[in-house]
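The values are calculated or read from the model by the stated rules, or taken from the named source; none is laboratory data. In this text the structure is predicted, and so the values were computed from the model without any measurement. Don't worry about glycine lacking a Cβ; one is built from the backbone with ideal geometry, like all the others, and counts go over all protein chains shown.
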Ligand code: MG
């Protein structure tokens, strides 16, 4: 059975949170080109903000300018590599920016096919028929221990090492993203977010607040508001993308 053509609608929100002096998260998207990106920068006084905004710009640029016949996983790798080189080069030129880097999670849609690629602990989830599922795997020390069966989820959430990420864009001269491919169904909702959301809200609460029939922007704002109410200890960024017939 042929599926009806899908189109996509999106909403986004980013907030400094209640504890941090500035917002080092960055996001960007092009509904026309089917590209959505969230980055969470780290390092130095201004470094995090610079790293995340460079990475968003570079990834958007490489993906919007892509050859339509090029396979997306290859383009995604090129885009992350370009972003990595731009952040790394900038950090090498300025001692104040040394060591800066960023996480990255991105979604690319072409009709009903969806690709997700990520570096670090920013995540992509899918809400389908009211059920939330995490599509990405965190590149973080504790999550890798959980996957190896050496640590429980509960221990991971409380570990003093929970902030340590094992892959970042811009901290070394090369990085490779994970890339996943999915088939979207009408009504599927994809959430890209920084850890300022997922550290404050359990998945069950994200699922509940993301569901329903309210406009996408309202649901997105509600998530950010809930993370702030839960503590707002970090910057919070969400992009919500919905597949529609
Ligand atoms: Mg963060």
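The table below lists the values:
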{"quantity": "Among residues of the stretch 53-80, those that are touching a helix residue (DSSP H, G or I) at 6+ places or on another chain (Cβ under 9 Å) and in a helix (DSSP H, G or I), counted", "calculated": "16"}
{"quantity": "Any hit, the stretch 99-107, residues being assigned to a helix (DSSP H, G or I), closer than 12 Å to residue 177 by Cα, in contact with a strand residue (DSSP E or B) (Cβ under 8 Å, 6 or more places away or on another chain) and more than 16 Å from the ligand (Cβ to nearest atom)", "calculated": "no"}
{"quantity": "Pair list, Cβ < 7 Å and 6+ apart or interchain, from the stretch 229-241 residues that are assigned to a helix (DSSP H, G or I) to residues that are within 13 Å of the ligand (Cβ to nearest atom)", "calculated": "none"}
{"quantity": "Enumerated helices (runs of 4 or more DSSP H) restricted to the stretch 149-215, each holding at least 2 residues that are in contact (Cβ under 8 Å) with a residue 12 or more places away in the chain and surrounded by 15 or more Cβ atoms within 10 Å (Cβ to Cβ)", "calculated": "195-198, 203-210"}
{"quantity": "Which listed residue is more than 14 Å from the ligand (Cβ to nearest atom), surrounded by 24 or more Cβ atoms within 10 Å (Cβ to Cβ) and not in a loop (DSSP other than H, G, I, E, B), from 116, 146", "calculated": "116"}
{"quantity": "Selected residue (only one of 208, 183, 200 is modelled with pLDDT of 95 or more and touching a helix residue (DSSP H, G or I) at 6+ places or on another chain (Cβ under 7 Å))", "calculated": "200"}
{"quantity": "Qualifying residues in the stretch 216-237 (those that are buried (at least 21 other Cβ atoms within 10 Å of the Cβ) and within 16 Å of the ligand (Cβ to nearest atom)) - the one nearest to residue 12 (Cα to Cα)", "calculated": "237"}
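Listed here are the residues, each with its yes/no results for (1) under 21 Å from residue 191 (Cα atoms); (2) without any contact (Cβ under 8 Å) to a residue 60 or more places away in the chain.
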residue: 68; (1), (2): no, yes
residue: 75; (1), (2): no, yes
residue: 78; (1), (2): no, yes
residue: 104; (1), (2): yes, no
residue: 111; (1), (2): yes, no
residue: 116; (1), (2): yes, no
residue: 128; (1), (2): yes, no
residue: 132; (1), (2): yes, no
residue: 137; (1), (2): yes, yes
